[in-house]
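The values are calculated or read from the model by the stated rules, or taken from the named source; none is laboratory data. In this text the structure is predicted, and so the values were computed from the model without any measurement. Every residue, glycine among them, receives a Cβ derived from its backbone with ideal geometry; neighbour counts consider all protein chains shown.
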Amino acid sequence: MLVDQFGREVTGVRISLTDRCNFDCVYCHNEGLGDTRGPMDPQDNEMDTDDVVRFLEVAAEFDVDAAKFTGGEPMLRDDLAEIIDRTPDDIETSLTTNGTYLPDRAEELVDAGLDRVNVSQDALDPDAFKRVTQSGEYDAVIEGVKAAVDAGLDPVKLNMVVFEATAGYVPEMVDYVAMNDGLQLQLIEYMPELAGRPEWAIDIERVHGWLEEQADEIEHREMHDRKRYWIGGDSTEGGMVEVVDPVENAEFCANCHRVRVTHEGYLKGCLNRNDDLRSMGEMTKPEIRDAFRDVVENRVPYYGEYMVQDDEGDWVINEEYIGA
């Protein structure tokens, strides 16, 4: 297992299979790369099936035990099931998707070995959903969530980005997962440092406070120093709500155990940085191994190290890492 200079073991990888997407969500930052999405047709710069599998085989050599496939919209890849099927057995597979293609493909992906799925679901009202996603596919997403549950994926997590336009829908979404078996809710803090529009951000501590008042049980996870809230019962029967709050959170960054891979075949040590991209070259196993070791060796917690607080309490770049 590879460990960075801050003692963080790398146990997971997050692989962007494409930057293509059939949605145009107003908060999208495209895995920290910005709005670089191109045409909907397959592009020559995307890693091919063998490239992705070869990377996963190397990751397994380094005891990585979890791989999450993302995009863009990863289900635009026709070879998604093949990639999942060819993932080494010791690696758990999960998927982050907008859900529109799940009705037709959920069973196929489960048969291929998919373990879990996260579905973006920012509102339970079609009009609000359309304003946030710039898409009229609300019904398809709801159907996709049901298809995922019916196919046996467990858990099915709903990803909700919490910002000015969606914060008012949090209670309704919490009730929804509490009343529907097989669903969990992941409330993701809006990240203005990547998406822009800082005026859209809200105080995530208010969300924590409200959940603490509603919760029957609270669990603290080591990964990313996250809190889980169980609503409508304890961890054996209630609905689980988890808050992902990375903004200006040094504890979150100190507990990060994941390396990212761009659709073009670059390793990325931190979501918030693009100055640490490392090409895997022609994607041979020796090149992948060297790149993986190098990226892990140079991983730096974003908040607390790369960004530090000055005497005024503002976050500023630590000059030690400029140009790293």
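For Asp311, the criteria (1) under 29 Å from Asp79 (Cβ atoms); (2) loosely packed, with under 13 Cβ neighbours inside 10 Å hold in every case but one, which is (1).
Of all the residues in the range 106-141, those that are in contact (Cβ under 8 Å) with a residue 12 or more places away in the chain, in a helix (DSSP H, G or I) and either closer than 20 Å to Leu187 by Cα or in contact with a strand residue (DSSP E or B) (Cβ under 9 Å, 6 or more places away or on another chain) (or both) number 11. The set of residues in the range 250-296 that are buried (at least 16 other Cβ atoms within 10 Å of the Cβ), of a type in the set (S, T, N, Q) and either over 20 Å from the mean Cα position of the chain (by Cα) or in a strand (DSSP E or B) (or both) is empty. Against the criterion of being closer than 23 Å to Met1 by Cβ, among the basic types (Lys, Arg) and crowded, with 21+ Cβ neighbours inside 10 Å, Arg299 qualifies. Among the residues of the range 127-153, count how many are in contact with a helix residue (DSSP H, G or I) (Cβ under 7 Å, 6 or more places away or on another chain) and of a type in the set (Ser, Thr, Tyr). Adding up the residues that qualify gives 1. Taking the criterion of being touching a residue at least 60 places away in the same chain (Cβ under 8 Å) and acidic (Asp, Glu), the residues of the range 51-73 that qualify are Asp51, Glu57, Glu61, Asp63.
Residues that are surrounded by fewer than 24 Cβ atoms within 10 Å (Cβ to Cβ) and closer than 26 Å to Glu137 by Cα within the range 85-95 comprise Thr93, Ser94, listed in sequence order. Looking at Gly72, Gly38, just one residue is in a loop (DSSP other than H, G, I, E, B), more than 17 Å from the chain's Cα centre (by Cα) and either more than 21 Å from Met283 (Cα to Cα) or modelled with pLDDT of 95 or more (or both), and that residue is Gly38.
Entry remark, the range 142-161: residues being over 14 Å from Gly99 (Cα atoms), of a type outside the set (Val, Ile, Thr) and touching a residue at least 60 places away in the same chain (Cβ under 8 Å) number 1 in total.
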